[in-house]
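Below is one structure; the comments refer to it alone.
What follows is calculated from the coordinates using simple rules that are stated; it is not laboratory data. Since the model is a prediction, treat every value here as computed from it, not as a measurement. Methodologically, a virtual Cβ is constructed for each residue, glycine included, from the backbone with ideal geometry; neighbour enumeration extends over all protein chains shown.
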Amino acid sequence: MKAVRIHEHGGLEVLKYEDAPEPPIEANEVLVEVKACALNHLDLWLRVGVPAWKLPFPHILGSDISGVAAQVGSLVKHVKQGDRVLLCPGISCGHCTECFQGLDSACRSYTLFGILVDGGYAEYVRAPEANVLPISGDLSFDEAAAVPLVFLTAWHMLVARAGIKPGEDVLVIGAGSGVGSAAIQVAKLFGARVIAVAGGDEKLEKARALGADEVINHTCQSIAGEVRRITGKRGVDIVLDHVGAAVWEDCFQSLATYGRFVTCGVTAGAEVKLDLQVLFGRQRALYGSFMGGKGELVEALKFIGQRKLKAVIDSAFPLKEAAAAQRKMESRNFFGKILLHP
Ligand SMILES: [Zn+2]
């Protein structure tokens with residue numbers, strides 16, 4: 001099969017479009033013919049190299065995958081050859097206390113397609129049956145690939161971690177990213193008022209089209225100042241961030257009393273200064289969030305199927321142009337998901 005593999009960490013030049021062996025499947029696995037694979041910022045980190053994750057080389061990136069079940073193992077019960085499927089990105093043991101509680105991403109053996117196992121930058125990928133979900137209704141392969149990681153992440157952040165409630169004010173940082181565009185919609189679904197932050201009027205128009213009630217252009221407006229104005233000095237109940245140090249001061253200042261800050265990433269700096277006096281005095285909370293459980297993705301998918309939440313697609317590239325697709329992601333000049341087509 002054709003695949004884009006990396007044999008070492010490095011720049012875009014380490015993404016090699018080449019022949020690779022078709023993956024053999026175990027009895028409890030499904031071989032999926034990949035129709036679309038969405039990029040995530042994670043792919044860039046993994047390509048460059050992250051000390052926490054030692055990749056098996058040669059390695060195939062790609063965590064968000066849709067396709068057709070091409071072959072099913074003898075023990076597979078719920079997937080048939082020819083089924084249109086999407087893959088739940090997180091792979092866990094299924095037998096530990098955390099897995100039984102639905103806290104998949106707390107499982108000690110938790111990984112994603114594209115980290116410790118091969119991902120979707122290829123014509124075929126193997127997947128445990130437990131990760132193979134049907135594509136509901138008339139959802140296209142592109143839409144199905146654009147959903148899992150970002151909607152699971154946004155759902156887990158807002159619903160499971162921050163405990164979003166109707167009527168709350170939610171500040172979404174990085175509204176143009178995959179997680180940001182999913183978070184705007186999930187927050188609206190739960191009856192919140194959404195203030196979206198992005199760096200450009202075009203992105204902010206798109207954020208409004210997804211349901212954002214208020215927008216802030218961080219290149220020419222103060223985030224904290226605008227939040228103060230919009231909320232009548234009260235601040236927001238939830239800040240959803242994946243940028244980090246570059247916006248931390250503004251985010252923390254923007255929180256109301258009892259406000260919750262929830263983060264799932266640090267694309268611009270991991271170390272921040274925290275005033276504990278303000279944290280306890282204003283009874284605020286900080287939450288870390290990483291992926292989520294399969295059950296949460298299934299919940300989000302119900303609303304995707306009903307078109308109450310929708311995949312946001314920026315563009316699609318042929319698989320062999322994976323480097324160009326990653327370059328576009330690095331440029332930050334996109335809105336929603338960037339896809340690869342094998
Ligand atoms: Zn487990």
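Per-structure values
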| read-out | value |
| --- | --- |
| Förster radius 25 Å - calculated FRET efficiency between LYS2 and ALA268 (Cβ-Cβ, nearest 0.05) | 0.10 |
| Low-density loop cleavage sites - GluC sites (Glu not before Pro) in segment 1-94, where at most 16 other Cβ are within 10 Å (DSSP) | GLU8, GLU26 |
| Vicinal HN-Hα couplings computed from phi for segment 86-99 (Karplus, 6.51 cos²θ - 1.76 cosθ + 1.60; Hz; Gly/Pro x) | 10, 9, 5, x, x, 10, 10, 6, x, 10, 8, 4, 5, 4 |
| Where Rh is the Kirkwood radius over Cα pairs, Rg/Rh for segment 1-87 | 1.01 |
| Top of SER92, SER222, SER140 by mean-square fluctuation, Gaussian network on the chain, Cα under 10 Å | SER222 |
| Convex hull volume per residue in cubic angstrom - Cα atoms of the chain | 129 Å³ |
| Linear extension gain, LYS77 paired with THR97, 0.36 nm per residue minus alpha-carbon span | 4.8 nm |
| Segment 151-288: proportion of alpha-carbon pairs further apart than 27 angstrom, % | 8 percent |
| Of LEU240, LEU319, LEU189, the one that fluctuates the most in a GNM where the chain has Cα springs shorter than 10 Å | LEU189 |
| Translational diffusion coefficient (Stokes-Einstein; Kirkwood radius from C-alpha pairs) of segment 136-180 at 4 °C, 1.567 mPa s, in µm²/s | 107 µm²/s |
| Potential lengthening between LEU286 and THR219 on full extension [0.36 nm per residue; Cα-Cα distance subtracted] | 21.6 nm |
| Distance cut-off 18 Å, percentage of C-alpha pairs in segment 99-203 lying past it | 60 percent |
| The chain - share of DSSP beta bridges that are antiparallel (%, nearest 5) | 55 percent |
| Mean Cα-pair separation over length for the chain, i.e. relative contact order, pairs under 8 Å, 6 or more apart, % | 19 percent |
| Pairwise Lys count, segment 151-288 - Cα closer than 24 Å, eight or more residues apart or different chains | 6 |
| Of GLY176, GLY163, GLY235, the one that fluctuates the most in a GNM where the chain has Cα springs shorter than 10 Å | GLY163 |
| Within segment 151-288, percent of DSSP bridges classed antiparallel, to nearest 5 | 0 percent |
